[in-house]
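Read-outs: derived from the displayed coordinates by stated rules, not from any lab. All values derive from a computational prediction rather than experimental measurement. Every residue, glycine among them, receives a Cβ derived from its backbone with ideal geometry; neighbour counts consider all protein chains shown.
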Amino acid sequence: MGKRLPMSIPYGWFFIAYADDLPRGKVQTVHYFNKEMVLFRTDNGEIGLLDAYCLHMGAHLGHGGKVEGESIRCPFHDWKFNTKGQCTEVPYSKTMPPSLKTKKKCQKTYHAVEKNKVIWAWYHPEDKEPFFDVMEHEEISHPDWVELEKFEWRFASNPQEIAENGVDVAHFQYVHGMTSVPEGKTTYDGVIRKSMAEGTRDIKQPDGSVKTKNSRVETIQNGAGQKYTRISGLTDTFLMVLATPITDEDVELRFAFTYKKCNPESLEYKAAKGTIKTLIGKTGVEGDIPIWENKIFHKYPLLCDGDGPIMRFRKYFGQFYCQQNK
Ligand code: FES
Ligand SMILES: [Fe+2]
């Protein structure tokens, strides 16, 4: 039997850390995309993401490396590297190797940006430069919206299987106990997929009366690693779905929510908390995880009417791989 999941690691911008967890001067190891990397923040607040193994004699910069000014010092022989991977000092050497002096030889770097209170790394299996950007969300850091509420899981799966779940409309009833989840209107535009479902919901008021409210769920995927959902109804809730491959068979999934600030006694507050509970519990991602961890991937599933646009979704997601297994 072949691999349970035949896919390789897709390309895109992926979560590697929350920005708040990396204060100035901090060094941390990052093990994603089957790579060992080191992430650090300089005294001026810049971030650096380098290959973890020092080009000199291979020490791991994430184990004992220290930030000094705008650079990181290797724990083995004290060589100093800036965020561009250039070696800026060999403290004991009177004649630095010419390739270091001319900056020909550098520590390998990865593209990393800070947006939406998240540090994102660009991963591409063929080391191509980024050709699209991380989208920015006005809700994050907005004074009217609460601080991020964060959840995380690690399990054996991959970003494609997680994303495909959203278009698998038939499973919502059987895994999540929901009567119907319309897929809504979907558009595909290059690396971006947008879907929007609109409807009405009856909401029971404290006095027993029922108010009908418009509800709207908008989901946007931008490359293999950025996905977010805006849920509007009684209140507005915003969710970042952050799926980062550790290897091609293991993934970390994070949900980061924010919602409009409101009184904790209000119906709006209860609605926002209710939405979060629904999306993280058995009615949400925790219902899916046992299926994802154990299923295999059928390249040609036996689909029937009512199954949702699985193959259209796969055609879209297939662009994020460089080899077969699309
Ligand atoms: S191994 Fe890093 S300075 Fe020698
Ligand atoms: Fe699901």
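Structure notes:
- Around the Cα centre of the range 205-312, unit charges on the Cβ atoms of Lys, Arg, Asp and Glu (plus for the first two, minus for the last two) sum to a dipole of about 480 debye.
- Ranked 92, 259, 228, criterion: other C-beta atoms within 10 Å, fewest first: 92, 228, 259
- About its Cα centre, the dipole of the chain is roughly 560 debye, where the only charges are +1 on Lys and Arg Cβ and -1 on Asp and Glu Cβ.
- Here the residues 120, 145, ranked from fewest to most Cβ neighbours within 10 Å of their Cβ, fall in the order 145, 120.
- Per-residue Karplus couplings for the range 12-26, computed as 6.51 cos²θ - 1.76 cosθ + 1.60 with θ equal to phi - 60°, are listed in order as x, 9, 10, 4, 10, 6, 7, 4, 5, 7, 10, x, 4, x, 8 Hz, Gly and Pro entered as x.
- Extension gain, residue 128-residue 89: 0.36 nm per intervening residue step, less the Cα-Cα distance, totals 11.1 nm.
- Partner aspartates and glutamates whose Cα lies under 13 Å from the Cα of residue 117, excluding those fewer than 8 positions away in the same chain, are identified as 20, 21, 136, 138, 139, 147, 149.
- Annotation for the range 101-144 versus the range 227-283: alpha-carbon center distance of 24 Å.
- Prolate/oblate/rounded call for the range 182-279, Cα gyration tensor, a/c under 1.5 rounded: oblate
- When the Gaussian network model of the chain links Cα atoms closer than 10 Å, the mean-square fluctuations of 133, 51, 189 top out at 189.
- Residues whose placed amide H lies under 5 Å from that of residue 18, excluding near-sequence neighbours: 119
- Residue among 22, 195, 87 farthest towards the positive dipole end of the chain, charges placed on Cβ: 87
- When the helices of the chain are scored as -39500 (n - 2.57) per DSSP H run of n ≥ 4 and the total is divided over every residue, the value at 222 nm lands at -4000 deg cm²/dmol.
- Straight-line cross-link reach from residue 282 at under 12 Å between alpha-carbon atoms covers no aspartates and glutamates, not counting any fewer than eight positions away in the same chain.
- Magnitude of the charge dipole, the range 12-123, Cβ model with Lys/Arg +1 and Asp/Glu -1, debye to 20: 380 debye
- Which of 57, 240 has the fewest Cβ neighbours within 10 Å, and the rest in rising order: 57, 240
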